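Every number here is computed from the coordinates shown, using simple stated rules; none is lab data. No experiment lies behind these values; they were computed from the predicted model shown. As a convention, Cβ positions derive from the backbone with ideal geometry for all residues, glycine included, and neighbour counts pool all protein chains shown.
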């Protein structure tokens, strides 16, 4: 379990983290989300004891991090770092050795992980020959190779194509099923919504809200109607029960004041455009993010305290 208690960190005149507090429970996937510059990376680095907080404390299983804890914890930083002249297998074995796993044990483990990520033909190739996405996969493998109990990932999906992102999401779920405690930061709401059991949304170094995904949607979200159509739907923005609107060519995502407004919306649409698809959905984490943070990263205090 990870406990962050009233932690603050400033760099010169910039307050990177301000009185932050949360608990990551054993065996869960915990999402630390927020816009770029929200303080996510600083928070993870403080948990890893790479930098020290100015105030507050961070506990691992009820105690400050000890040297013996480091082998149990894995960290994938946002800034990737692999030795370009090493082969993939040598790089992975080196990373495993830093965590106390000798080469005799790490080689078969590394080859198995490379097969899982479609890189089995690259074990003897140099890191400099890999694409950005392939190198990202190798660094992920190096992070989990020593079978840690606690996994901290900072923007783990950066640089991956959609197929590789799905593979990584599946792998994170498998690690959770194996009893691992996983915390990852992201500003991509779709990834957090797919796999996180609890969400901590922060902006400008401070907490905006935190809870289970279901509770966040209940407390902060509004129903969303997705409409595929032909015709001119510019009038939708002026309807009195429409609280927010995202418009795309032939597609609308319409946030409604109440689920009951969906019937009135459908009637109005059917009279003025050709409706190809109409679907009422629960609010997305993306829409909650925009409501609380705003499209430009400006915190919407009226929404937070409503």
Angle in degrees between helix 132-144 and the longest Cα principal axis of the chain, rounded to the nearest 10: 60
Distance histogram for region 83-154 (every C-alpha pair counted, 10 angstrom bins, percent rounded to whole numbers): 22, 58, 21, 0
In degrees, nearest ten, helix 88-98 long axis to first principal axis of the chain (Cα): 80
Two-decimal log10 I(q)/I(0) for region 64-212, as the Debye equation yields it once each C-alpha is a single scatterer, q = 0.18, 0.21 Å⁻¹: -1.13, -1.45
Helix-only mean residue ellipticity at 222 nm for the chain, each DSSP H run of n ≥ 4 adding -39500 (n - 2.57), per residue, nearest 500: -10000 deg cm²/dmol
Least to most buried among 248, 241 (fewest other Cβ within 10 Å first): 248, 241
Residue of 263, 73, 150 that the Gaussian network model of the chain assigns the largest fluctuation, springs spanning Cα pairs under 10 Å: 263
Relative contact order of region 1-82, defined on C-alpha pairs under 8 angstrom at six or more residues apart (%): 36
Sequence of 104, 250, 176 once ranked by neighbouring C-beta atoms within 10 Å, starting from the fewest: 104, 250, 176
Estimated FRET transfer efficiency when R0 is 51 angstrom, pair residue 280-residue 52 (beta carbons, to 0.05): 0.55
Packing rank of 280-291, 46-57, where each peptide gets the mean count of other beta carbons within 10 Å, highest leading: 280-291, 46-57
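Order of 22-29, 233-240, 181-188 by packing, highest average Cβ count within 10 Å first?
Going from most to least packed, we get 181-188, 22-29, 233-240.
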With Cα atoms, 0 to 90° folded angle of helix 261-272 axis to the chain main axis: 70
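Based on the mean of other beta carbon atoms within 10 Å per residue, what is the order of 224-232, 140-148, 59-67, 204-212, most packed first?
140-148, 204-212, 224-232, 59-67
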Largest-first principal axis extents, alpha carbons of the chain, Å: 71, 47, 35
